[in-house]
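Undergrad: My structure is below; once you've seen it, I'll send some questions.
The values are calculated or read from the model by the stated rules, or taken from the named source; none is laboratory data. What you are looking at is a predicted structure, and each value in this text was computed from that prediction instead of being measured. Cβ sites come from the backbone with ideal geometry, for glycine too, and all protein chains shown count toward neighbours.
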Amino acid sequence: MKKTFVLFIIAVFSLQSCATLLAPKKNTLAVTSNPSGADVIVNGYKMGKTPVELSLAPNQNHTIEYRKDGYESVGKVVGTKTGALWVILDVLTGLVPVIVDAATGDWKQLETKQINVMLEKKEN
């Protein structure tokens, strides 16, 4: 009975992937500007005013636009990167976790945790 339970646990974990089980489904991105109070638009949706912390999906790029009256708009793209630790853990646990995490993108994370821009005044 004990041996069967241990084999069951090993089978369950060998068929799962590390990042799918453990990685956060959202990453936090601190967004600031100088001067502060700029509207923050992420992928076309207004998300607040600077300074703001955003909770974003880590498996896709995000376009961030800063807008403030009297200042030029600024656009930035926050990309993703593969978390090396997830890849190492997947390789250590077998081929299936590597395939699952690669297919789902669950081992991705945002390439930065903060982004700051200097807004320039519009010329009249």
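Undergrad: When you scan the range 71-104, how many residues do you find that are at positive phi and modelled with pLDDT of 95 or more?
TA: Of the residues in that region, 0 qualify.
Undergrad: Which one is farthest from Leu110 (Cα to Cα), of the residues in the range 48-73 that are surrounded by 19 or more Cβ atoms within 10 Å (Cβ to Cβ) and among the β-branched types (Val, Ile, Thr)?
TA: Ranking the candidates gives Thr50 first.
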